[in-house]
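Worksheet: one structure, shown below.
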Amino acid sequence: MIVHVIAENLPEAWELSLVRLAEVGRVIDTEYGEKSIDAPAVIVVKDPFAEPRVHLRGIVAGSIKGLLEYVDEVVKGIHDHLVEKFEYTYHERLFSYKLPNNTVINQIEKAIEKLRKAPYSRRAQAITWQPWKDPELDHPPCLQRVWFRVVDGRLVMHVHMRSNDAFKAAYMNMYAFTELQKYVAQQLGVEVGYYMHIADSYHVYERDWKWFYTFVEQIKSGESKKRWKTTQEYLDMVSKFSNR
């Protein structure tokens with residue numbers, strides 16, 4: 001069984017994916033010494049920039065502004081200088097992919113160039129995996145590939161994850177990746193289309209099961225929608241807490 005969700009906006013897509021995971025997920029061992037609830041997932045967000053766009057429960061980054069910092073990490077590369085310490089960043093792998101001979105490739109720029117020439121191309125993609133070293137890393141990249149195409153004048157984006165923590169990472173991942181989608185769309189001069197998030201292993205670790213199932217019940221009751229915020233409401237909250 002797989003988690004299959006089609007939703008209008010990001011908060012709805014994330015919530016429905018968690019409910020479905022609770023329904024169909026299997027208990028599977030992990031390489032970290034604990035079990036997980038796990039299932040493949042395909043999540044489609046029809047309008048990734050529809051408001052409300054922010055889910056406060058999905059921000060797992062130490063502070064309320066952590067979501068914005070994560071976007072800047074993925075799209076602008078503010079943490080690329082830490083690659084040697086952390087082994088990779090998504091921005092570094094997508095925008096500055098380094099081959100064993102030290103050749104550096106800006107895959108996102110190449111995808112943009114391809115789509116400028118042929119908006120319908122099936123070849124506009126970027127990968128993160130480096131098979132000469134990633135299989136031996138303790139924490140290799142979860143994101144594997146992003147794929148773009150212009151359909152009916154809108155840029156669609158498919159993201160493929162080999163592994164995705166559904167409870168503590170998926171929302172922030174989807175939010176930041178759609179910001180990357182918007183960046184590419186702007187370079188092409190087109191609107192943003194649908195977003196598809198594919199995960200081979202969409203999971204929740206055993207240590208989080210209690211809070212996960214509690215949150216799923218809040219979703220089913222509608223209580224969780226109190227944490228849905230428009231982008232402006234969220235930015236106002238960030239400003240308020242930053243000024244304290």
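Inside the stretch 54-90, can you point out the residues that are surrounded by 18 or more Cβ atoms within 10 Å (Cβ to Cβ) and not in a helix (DSSP H, G or I)?
If the condition is that a residue be surrounded by 18 or more Cβ atoms within 10 Å (Cβ to Cβ) and not in a helix (DSSP H, G or I), then VAL54, HIS55, ILE59, HIS79, TYR88, THR89 are the ones that fit.
Conditions first: (1) within 20 Å of the chain's Cα centre (by Cα); (2) open to solvent by 10 Å² or more (accessible area, probe 1.4 Å); (3) among the hydrophobic types (A, V, I, L, M, F, W, C). MET161 passes all but one, so which condition is the exception?
(2)
Quick one: ARG93 ticks every box in (1) open to solvent by 20 Å² or more (accessible area, probe 1.4 Å); (2) within 29 Å of LEU235 (Cβ to Cβ) except a single one, so which number is it?
Exception for ARG93: condition (1).
Could you check how many residues of the stretch 175-196 are over 13 Å from the mean Cα position of the chain (by Cα) and closer than 12 Å to VAL71 by Cα?
Initially, the stretch 175-196 is screened for residues over 13 Å from the mean Cα position of the chain (by Cα), giving 182-194.
Those still in the list that are closer than 12 Å to VAL71 by Cα too: 182-183.
Residues that pass the stated criteria total 2.
Is there a residue in the stretch 153-161 that is among the small types (Gly, Ala, Ser) and free of Cβ contacts under 8 Å to residues at least 60 places away in the same chain? If you could, list the steps in order and put the result at the bottom.
Keep residues of the stretch 153-161 that are among the small types (Gly, Ala, Ser), which gives 153.
Filter once more, keeping what is free of Cβ contacts under 8 Å to residues at least 60 places away in the same chain: 153.
Yes, that holds for at least one residue.
Scan (1) over 18 Å from the mean Cα position of the chain (by Cα); (2) closer than 27 Å to SER36 by Cα; (3) surrounded by 13 or more Cβ atoms within 10 Å (Cβ to Cβ) for the single condition HIS203 breaks and write down its number.
Only one criterion is unmet by HIS203, namely (1).
Being open to solvent by 20 Å² or more (accessible area, probe 1.4 Å), of a type in the set (Asp, Glu) and in contact with an Asp or Glu (Cβ under 6 Å, 6 or more places away or on another chain): is that true of GLU51 here? It would help to see each step written out before you state the result.
Details: open to solvent by 20 Å² or more (accessible area, probe 1.4 Å): yes; of a type in the set (Asp, Glu): yes; in contact with an Asp or Glu (Cβ under 6 Å, 6 or more places away or on another chain): no.
No, not satisfied.
Picking from GLU109, GLU87, which residue would you name as being out of contact with any strand residue (DSSP E or B) (no Cβ under 9 Å at 6 or more places or on another chain), at pLDDT 95 or above and acidic (Asp, Glu)?
Just one listed residue meets the conditions, GLU109.
Conditions (1) closer than 23 Å to ARG116 by Cα; (2) in contact with an Asp or Glu (Cβ under 6 Å, 6 or more places away or on another chain); (3) in a helix (DSSP H, G or I), marked per residue:
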residue: HIS139; (1), (2), (3): no, no, no
residue: MET172; (1), (2), (3): no, no, yes
residue: TYR175; (1), (2), (3): no, no, yes
residue: GLN181; (1), (2), (3): yes, no, yes
residue: VAL184; (1), (2), (3): yes, no, yes
residue: VAL204; (1), (2), (3): no, no, no
residue: TRP209; (1), (2), (3): no, no, yes
residue: TYR213; (1), (2), (3): no, no, yes
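The values are calculated or read from the model by the stated rules, or taken from the named source; none is laboratory data. Quick caveat: nothing in here was measured; it's all calculated off a predicted structure. Here the Cβ is made from the backbone with ideal geometry for all residues, glycine too, and neighbour counts use every protein chain on show. These accessible areas exclude ligands, DNA and RNA; they are computed on the full protein's heavy atoms, side chains included. Shrake-Rupley method; radii C 1.70, N 1.55, O 1.52, S 1.80 Å.
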